[in-house]
Amino acid sequence: MDRWVELRMTRQGILEREDPPRFSAIIDEAVLRREVGGPECLAAQLRHLAGCAAGPNIEIRVLPFSAGAHASPTGAFRIFTMEKPFPEVGYAETPKGAIYVESPDTQRFARTYDELRELALTPEASAELISATAEKLSR
């Protein structure tokens, strides 16, 4: 477990380098509410997330409960867009391992992302919700 934490913390460093990549995420509101590690731990994580969202290269949107059933009922996925000659890559984790899909087969991932983005709160409203949730947990 310690090695996984170290790997993830090291991986986050890419967002702080001199020329960081653009990062955009849509997270379900349930992520803001599920207390793994207790309320203090979640509040600290949410404050960190709000701080990250303030970065010029980071966009975080929250998909609110009010969105109802949405375009990705099977779970999380990622889309990596890189400079040519590298293809766009879609990635999803499953209980049997990861699945990687290269363009042009990534179009379904892109359409699903666009649909979720339409249902999600704006980055500003998302940041407000994240910060307000952290504040409630800190009381």
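Read-outs throughout are calculated quantities, based only on the coordinates presented, and are distinct from any laboratory measurement. Just so it is clear, the model here is predicted, and its values are computed rather than measured. Glycine gets a Cβ as well: all are built from the backbone with ideal geometry, and neighbour counts include every protein chain shown.
Here are some notes:
- The structure shown yields Kirkwood radius over Cα pairs in Å, and of the options (1) 19.9; (2) 15.9; (3) 16.6 that calculated value carries the label (3).
- Extended-chain gain in nm, criterion 0.36 nm per residue less alpha-carbon gap, Ala125 and Asn57: 22.7 nm
- Between Ala132 and Ala25, the contour length at 0.36 nm per residue exceeds the alpha carbon distance by 36.6 nm.
- Computed from phi, the 3J(HN,Hα) profile of segment 110-115 under the Karplus parametrisation 6.51, -1.76, 1.60 (θ = phi - 60°) reads 5, 5, 4, 4, 4, 5 Hz, with x in place of Gly and Pro.
- Comparing Ala67, Ala127, Ala98 in a Gaussian network model of the chain where C-alpha atoms under 10 Å apart are linked, the largest mean-square fluctuation is found at Ala98.
- Which of Ala67, Pro123, Val31, positive extreme of dipole for the chain (C-beta unit charges): Val31
- For segment 53-65, putting each phi into the Karplus relation 6.51 cos²θ - 1.76 cosθ + 1.60 with θ = phi - 60° gives couplings of 5, 7, x, x, 9, 10, 10, 10, 10, 9, 8, x, 3 Hz, in residue order, rounded to whole numbers and with x for Gly and Pro.
- Ordering of 1-14, 74-87, 26-39 by packing is 26-39, 74-87, 1-14, highest average first (other Cβ atoms within 10 Å, averaged per residue).
- Pairwise FRET efficiency - Ala110 versus Arg11, Cβ, R0 = 30 Å, nearest 0.05: 0.80
- Calculated mean residue ellipticity at 222 nm for the chain: -13500 deg cm²/dmol, from DSSP H runs with n ≥ 4 weighted as -39500 (n - 2.57), summed, divided by the residue count and rounded to 500.
- Placed amide H near Arg61: partners under 5 Å, 5+ positions off or other chain: Ala25, Ile26, Ile27
- Sorting the segments 59-65, 41-47 by their mean number of nearby beta carbons within 10 angstrom, highest to lowest, gives 59-65, 41-47.
- For segment 85-100, 3J(HN,Hα) per residue [Karplus equation, 6.51 cos²θ - 1.76 cosθ + 1.60, θ = phi - 60°, Hz, x = Gly/Pro]: x, 6, x, 5, 10, x, 9, 9, 8, 10, x, 9, x, 7, 10, 10
- Here the dipole of the chain is about 280 debye; that uses its Cα centre as origin and unit charges on the Cβ of Lys and Arg (positive) and Asp and Glu (negative).
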